[in-house]
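Asks: Questions regarding the structure given below will be posed in turn.
Values in this text are rule-based calculations from the coordinates and carry no lab data. Bear in mind that the values here come from a model prediction, so they are computed numbers and not experimental data. Note that we place each Cβ from the backbone using ideal geometry, even for glycine, and neighbour counts take in every protein chain shown.
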Amino acid sequence: MGYGVVGCGGMTEVKGFRGLKVWNKTKDLAVKIYKITNDKSFNRDFSLKEQIRKSAISVVSNIAEAEGRETNKDKIKFLFIAKGSLSELQAQLQIAYEIGFISIGLYSSFNSEIEEIANMLGALIKVRKSSNEKK
């Protein structure tokens, strides 16, 4: 299983986790999280800042790890861990909003992205489970 970009008769195909739309969306979300937590308001609560960052990175990392696993059972396990980390992130962002670290607009935007990612993860888990049952 390759993880780079492979040429296919004039077309480019991305292999591994980088080829998953859900991984790319979570990576983009994590980058946004890092940028927004650089704001001076987060300097007042280093613990919350770091926890939000860790949760965002955990989602991205667990999706990547799932794709690196050999069995569907292991892949599903890490996708569920990613989904749990996504819920943690959602809760932490709500706290950040309620204590005034982020605006309602930013919170709503993050919340919409998180809901979309959760649905994508759920669909991927369902595919992996059905693939597992066929074996």
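Asks: Apply the Debye scattering formula to segment 58-135, with a single equal point scatterer on each alpha-carbon and no solvent, then give log10 I(q)/I(0) at q = 0.14 Å⁻¹.
Replies: Those come out to -0.51, one per q.
Asks: Order these by the 10 Å Cβ neighbour count, fewest first: Phe46, Phe110, Phe80.
Replies: Details: Phe46 9, Phe110 22, Phe80 14.
The order, fewest Cβ neighbours first, is Phe46, Phe80, Phe110.
Asks: Next question, about the same structure. Can you give me the Rg/Rh ratio for segment 20-82, using Cα atoms for both radii and the Kirkwood formula for Rh?
Replies: Values: Rg = 13.7 Å, Rh = 12.5 Å.
Expressed as Rg/Rh, it is 1.10.
Asks: Now, a different point. State which helices in the chain qualify, where a helix is a whole DSSP H run, it must extend 24 Å or more along its own axis by its Cα atoms, and its mean Kyte-Doolittle hydropathy must be at least 0.0.
Replies: 46-68
Asks: Additional query: Where does the chain land on Rg(C-alpha)/(2.2 N^0.38 Å)? Walk me through the numbers before you get to the answer.
Replies: Details: Rg = 16.6 Å, N = 135, 2.2 N^0.38 = 14.2 Å.
Against the compact-globule rule of thumb, the ratio is 1.17.
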